[in-house]
1. Residues in region 228-239: is at least one free of Cβ contacts under 8 Å to residues at least 60 places away in the same chain, in a helix (DSSP H, G or I) and hydrophobic (A, V, I, L, M, F, W, C)?
2. Quick one: is Val122 buried (at least 21 other Cβ atoms within 10 Å of the Cβ), closer than 17 Å to Leu50 by Cα, at pLDDT below 75 and not small (Gly, Ala, Ser)?
3. Can Gly40 be described as under 21 Å from Arg185 (Cα atoms) and in contact with a helix residue (DSSP H, G or I) (Cβ under 6 Å, 6 or more places away or on another chain)?
4. Output the qualifying pairs, or none if there are none: Cβ atoms under 6 angstrom, residues six or more apart or on different chains, first residue in region 17-44 and at negative phi, second residue among the acidic types (Asp, Glu) and assigned to a helix (DSSP H, G or I).
5. So, of the residues in region 62-110 that are modelled with pLDDT of 85 or more and assigned to a loop (DSSP other than H, G, I, E, B), which turns out to be surrounded by the fewest Cβ atoms within 10 Å (Cβ to Cβ)?
6. Of the numbered conditions (1) open to solvent by less than 30 Å² (accessible area, probe 1.4 Å); (2) at pLDDT below 90, Gly140 satisfies every one except a single condition; which is it?
7. Kindly evaluate Ala201 against the criterion of being at pLDDT below 85, open to solvent by less than 10 Å² (accessible area, probe 1.4 Å) and either outside any helix (DSSP H, G or I) or within 23 Å of Ala153 (Cβ to Cβ) (or both).
8. Every residue in region 49-81 that is touching a His at 6+ places or on another chain (Cβ under 9 Å) and of a type in the set (Gly, Ala, Ser), please.
Amino acid sequence: MPITLCTALMLSSFFFGSLTLLAWLAAVSLLAGVIKGVSGFGAALIMAPLFGLWLTPSHASALVILLHAATALQGWRNWSRLVRWKSVTPLALVALACTMLTTRLFNDGDNTQVHRLMGAVVILLTLLHVGGWRWRHQGGVAATLSAGLASGAMTALGGMGGAPAVYYFSGGPGGKAEDHHVTARLRANLLGYFCLLFVGASLILGLQRHINVAVLASSAVLVPVFAAGVLIGERLYRHLPACWINFTVTALLLGSGLLSLLR
């Protein structure tokens with residue numbers, strides 16, 4: 001085992017107080033990576049509530065953001081050509097501005113009630129999605145600001161900025177059809193968006209001094225696990241029909257909302 005990995009393991013176990021907890025976080029990271037590889041979405045919705053069962057809000061949020069930032073370019077050649085950067089970039093800039101303004105608010109004090117509110121919102125969005133509701137828009141300023149602000153606030157809360165982005169990209173121009181091509185485009189837009197969002201958010205956390213030795217040590221251990229999960233998910237994606245991917249995203253939204261609500 002490389003010396004750097006040994007050091008990271010020792011530091012992580014020291015800060016976590018238990019290798020069992022570290023193993024639990026690794027298992028969650030692996031599952032989240034598989035889901036991200038399959039759908040391009042959902043990893044944070046698994047990580048945030050499950051990490052939050054054992055870690056402080058600031059620690060859990062920083063881990064989610066750093067893990068996504070470290071693997072942001074994974075599989076770039078496979079999805080970058082499908083990304084609509086003209087839609088992705090403005091949304092990411094609005095979200096990052098909101099993240100910068102709200103990070104300190106969500107990382108100070110007891111956020112139990114805020115987590116429950118977010119859980120209720122996610123459950124509501126899931127029920128609307130299952131009921132056939134779609135946010136139809138033309139990608140104008142109002143839609144971009146609304147989705148960006150919501151995504152930025154949820155990113156600051158626990159790295160869960162994906163839900164608003166899913167509804168934004170699936171409801172915009174070219175997102176109405178239900179076929180594999182549209183699913184591939186949606187997946188690519190989400191991966192491109194997360195690339196900009198989480199790399200930018202990690203820089204914001206660093207500037208605001210929310211990244212400490214404990215976060216860096218645990219990230220060093222969990223990043224390879226998360227990346228391995230993404231690789232597995234990408235291979236599974238080639239063999240899964242679009243309806244399965246849609247079902248996975250819906251189930252993740254519901255599960256994440258329930259966990260956040262019952263926390």
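The values are calculated or read from the model by the stated rules, or taken from the named source; none is laboratory data. Since we're looking at a predicted model, the values are computed, not measured. Positions of Cβ are generated from backbone atoms using ideal geometry, with glycine treated the same way; all protein chains shown enter the neighbour counts. The area values use the complete protein model at the heavy-atom level, side chains included, leaving out ligands, DNA and RNA. Shrake-Rupley method; radii C 1.70, N 1.55, O 1.52, S 1.80 Å.
1. no
2. In short, yes.
3. For Gly40, the condition - under 21 Å from Arg185 (Cα atoms) and in contact with a helix residue (DSSP H, G or I) (Cβ under 6 Å, 6 or more places away or on another chain) - is met.
4. Short answer, once both residue conditions are applied: Gly37/Glu234.
5. In this case the residue turns out to be Leu73.
6. Just one mismatch for Gly140, condition (1).
7. Details: at pLDDT below 85: no; open to solvent by less than 10 Å² (accessible area, probe 1.4 Å): yes; either outside any helix (DSSP H, G or I) or within 23 Å of Ala153 (Cβ to Cβ) (or both): yes.
Spelling it out, it is not the case that Ala201 is at pLDDT below 85, open to solvent by less than 10 Å² (accessible area, probe 1.4 Å) and either outside any helix (DSSP H, G or I) or within 23 Å of Ala153 (Cβ to Cβ) (or both).
8. Gly52, Ser58, Ser61, Ala62
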